[in-house]
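Computed from the coordinates by the stated procedures, all read-outs in this text should not be read as laboratory data. A quick note: this is a predicted structure, and the numbers were derived from the prediction, not measured. We place every Cβ from the backbone using ideal geometry, glycine too, and count neighbours over all the protein chains shown.
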Amino acid sequence: MTKIIAFIMAVFTWLGAVLNPGWVKTEGIYGETRERVQTVFDEGEFIMGENDLVVAPDGDDSNPGTPEAPLKTLERAKELLKADDSEACVTVWFREGTYTVSETVEFTAEDRENVLYRSYPGEKVEFSGSKEIKDFSETTINGVKAFVTDVNIDSDDDYFHSLFKGDKRLARPKYPKEDVFKVADPSESEGSANSWDPYFFIFSLAFYAHKEDVLDFANAGDVTVKIMHFWCDEILPMKSVDTSTGRIETTKATAMRIRVDDNYIFENVKEALCEPGEWYLDRAEEKLYYIPEEGDTVENTVLQAGVTEELVNFKDAENISFQGIDFINTDWDYVDGTHTGRPFSKDHPLYGNVKYGTDHPQAAFEVPAAIYIEGSKGIDFTDCRFENISYTAVKFDKGAQNCDITSCLFNEIGANAVFIHGDFVVPATTKNINVHDCHISNYGRIYNNAIGILLTHAYDCDLTYNEVHDGWYTGISVGWNWGYSDHPTNKINISNNLIYNIGNAWLSDMGGIYTLGVQPDTVISGNVIYNVGCDEGQYGYGGWGIYLDEGSSEMLVENNLVYDCSSETFHQHYGRDNIVRNNIFAFGGEGAFIVTKHEEHNSLTLTNNIFVVDDAPVYSFDTEKDWFVDDSNLYWDYKRGGNVYSGDNTKLFERKSLVILTAQGYYNNAVYADPLFKDAENRDFTLAENSPALEAGFVPFEYDAGTLTKFD
């Protein structure tokens, strides 16, 4: 009876609020209409210090490195600085231009500390991992006009996988041109089962396509098979194809089990080369073919081929910083994985095909980085740009400490934009790595299951005020331990990040923010997350806003705005003692909130939140007791008004009513009322001054997520 009375009172509260609107003043963003004051990063002025050096593209390494007689290369500047045994801070100034990095630049403990490598104020400085390709002539291929030029390919090192035009990555031809193919038969009898999880992990070197989907490929060994399933995309070099049976063999085993109707495509297919901007490197002919875009002529076409995969490497270096440098145009190759290695015995019938080990199936974990930092301290990047990077852009690894990435832009990244990793030891040796005020867009362009910011094993890190968008998988992922065992990752601050347009392609099981493992003192606060969507095909599940996965525990989730997700806006698989309070969770396609595994302990405490849906369940779970504790939340269904339902959906015989759920101990001190957002339809979540949410204890917060710096 008390629940019925509370519901009636909530209706009267709602009516009163409708008749007397007024708006709680907040500053912030609501979807695409965000307006806020932004500042441009201050590059400062050129002030030549006593021991500073100057480098210029037209310099000479025999020069002293003065403004009048600059050096030519970063490597020479490094060498000169080694002779300087002072502890004073030194700046190496780079004048405008492109500096080609043909071999990885290495910093070690022998390199001078307290050095800043930076661009001259107002000048554009690029460290490029590519070489120039020109001298084209006209030809015809596949019935369309093309440009062609000779390319020497004496070894695998001369064969490149990336080509750029200006600031754009050019596409290798794919087949089919639209949509995807479907696996006909996984050929599991020729696979190798993983003993601990044969449901997901059967490693295979062969499968059967539908016969009508395969071609008699020219240069079949240079064709890539890309298979998408669950949270993994396989990038597999093809060994052979049998057009009579559809049988395809690869030189790298899959990381996950192939299933009937898995999506896949072929990439780098000569026969599919036909659209403007596409290119194909013919190894046998030693020729590069390019389909010209509007305005291209054989005289003005100059392309950049990726030749360097790793630009800079730090090992046991200290106190070295980069500012205002663009790192661009690197190459990639197939990852030779070590997580699983080569999971076949020598008596396997396809063992002779194996050329690459099988890499980890999650989060582009084993993909190398263009900037790699291991065991180093005080390595900072400020106001830098990472663009057209084919692997992960920046990786902090074992023992990296006290490093910052601040006010940097990441765009067109092949894998993860930033990866913070370390040994699985407690306490963590990787610590105090901060990513602040960075704009990350279009990540996972080659390795689709990559993350915007991936943090696995580290301690005391801030991931704050970043804008992360347009990736095919999770925006920010923290933790790397499945279950409740000791975990080196804790005290991570994930705050005020703007995350949107995540997924909506081929993969599933993702979140705007994703966590794993026990993480005391980890805080998820002030983030704005929207438009997270999963694959709508065979495995279409798991486009969640905030996703606390296996063992995620002892975290605080508060003051976040999450809306427009294909699945629930909040999902906890299993965990314990999390606090979820004062958030707005709105318009989940399958519901507002879900906990998917029932355990004896308290999974989480849910208080003072606003849950709104549009004909979807509020709680998407069954009616077992004691999964979690809720108290003083507001619930509203814009289509059904005060008739809030839970369960799998809101259909008459499948939904769970308030009566059932309240009998199970849920909806404690609930408020069932329209929260009176200013314009929910257009995603303006400003609250009315007399919003019933205030009765539920909700405290309005400012939505100031995203970067502080204005990026071009």
Exercise. Which order do the peptides 440-448, 637-645, 154-162, 683-691 take when ranked by the mean count of other beta-carbon atoms within 10 Å per residue, highest first?
Key: 440-448, 683-691, 637-645, 154-162
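Can you tell me what percent of all Cα-Cα pairs in region 132-306 are more than 25 Å apart? Write out the running numbers ahead of the final one.
Values: 5961 of 15225 pairs.
The calculated P(r) of region 132-306 puts 39 percent of pairs beyond 25 Å.
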Quiz item: Per the helix-only calculation at 222 nm, which mean residue ellipticity applies to the chain, given -39500 (n - 2.57) for every DSSP H run of n ≥ 4 and division by its residues, nearest 500 deg cm²/dmol?
Solution: -1500 deg cm²/dmol
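As a test of the definition: which semi-axes, in Å, follow for the chain when you take the square root of five times each eigenvalue of its alpha carbon gyration tensor? Largest first, please. Spell out each step's value before the answer.
Working: eigenvalues 412, 225, 113 Å².
Semi-axes from the Cα gyration tensor: 45, 34, 24 Å.
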Practice problem: Just rank 528, 312, 105, fewest to most, by other beta-carbon atoms within 10 angstrom. | Solution: 105, 312, 528
Practice problem: Would you mind calculating the relative contact order of the chain from Cα pairs under 8 angstrom and at least 6 residues apart, reporting the percent as a whole number? | Solution: 11 percent
Quiz prompt | Dipole magnitude (debye, nearest 20) for the chain, charges at Cβ of Lys, Arg, Asp, Glu | solution = 1980 debye
Practice problem: Could you please state, rounded to a whole Å, how far the C-alpha centre of region 656-712 is from the C-alpha centre of region 436-514? | Solution: 25 Å
Quiz prompt | In Hz, Karplus ³J(HN,Hα) per residue of region 522-527 (6.51, -1.76, 1.60; θ = phi - 60°; x = Gly, Pro) | solution = 7, 10, 10, 9, x, 8
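Diagonalise the Cα gyration tensor of region 558-636 and give the resulting equivalent ellipsoid semi-axes, square root of 5 times each eigenvalue, largest first, whole Å.
Semi-axis lengths for region 558-636 are 19, 14, 11 Å.
Using the alpha carbons of region 306-388, what is the convex hull volume per residue in cubic angstrom, as a whole number?
Values: hull volume 10.5 nm³, N = 83.
Looking at region 306-388, the number lands at 126 Å³ per residue.
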Quiz prompt | In nm, spacing of pseudo-spin labels at residue 316 and residue 299 (7 Å Cα→C-beta vector) | solution = 5.7 nm
Quiz item: Which value, in Å to one decimal place, does the Kirkwood hydrodynamic radius take for region 55-192 when every pair of different Cα atoms is included?
Solution: 19.9 Å
Quiz prompt | Contour minus Cα-Cα distance for residue 669 and residue 142 (0.36 nm per residue) | solution = 182.8 nm
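Rank the residues 269, 151 as a footprinting-exposure proxy: fewest other Cβ atoms within 10 Å of their Cβ go first.
Working: 269 24, 151 17.
Ordered from fewest to most neighbouring Cβ atoms within 10 Å, 269, 151 come out as 151, 269.
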Self-check item: Kirkwood Rh, Cα atoms: Rg over Rh of region 438-575
Solution: 0.94
Quiz item: Label points 7 Å out from Cα along the Cβ direction at residue 355 and residue 660: separation in nm?
Solution: 5.6 nm
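From the cross-link list 398/491; 315/710; 165/226; 252/346; 597/639, which pairs have alpha carbons spaced over 21 Å apart?
On the way: 398/491 18 Å; 315/710 33 Å; 165/226 24 Å; 252/346 15 Å; 597/639 29 Å.
Distance filter (> 21 Å) returns 315/710; 165/226; 597/639.
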Quiz prompt | Amide proton proximity set for residue 590, modelled H, under 5 Å, gap of 5+ | solution = 567, 568
Practice problem: Have a look at 372, 553, 400 and report the one farthest towards the positive end of the charge dipole of the chain, computed about the Cα centre with Cβ charges (Lys/Arg +1, Asp/Glu -1). | Solution: 553
Exercise. Describe numerically, in nm with one decimal, the distance between label points set 7 Å from Cα along Cα→Cβ at residue 216 and at residue 336.
Key: 3.5 nm
Quiz item: Say the dipole of the chain comes from +1 at the beta carbon of Lys and Arg and -1 at that of Asp and Glu; which of 492, 48, 173 then lies farthest toward its positive end?
Solution: 492
Practice problem: Could you tell me the convex hull volume per residue, in Å³, taken over the Cα atoms of region 83-164? | Solution: 170 Å³
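Within 10 Å of each residue's Cβ, count the other Cβ atoms and sort 55, 618 from fewest upward. Could the numbers behind the result be given before it?
Numbers: 55 25, 618 30.
Sorted ascending by nearby Cβ count, the order is 55, 618.
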Exercise. Please check which bits of region 158-190 a label hung off residue 345 would reach, taking the label as a point 7 Å along Cα-to-C-beta and the cut-off as backbone N under 17 Å.
Key: 189-190
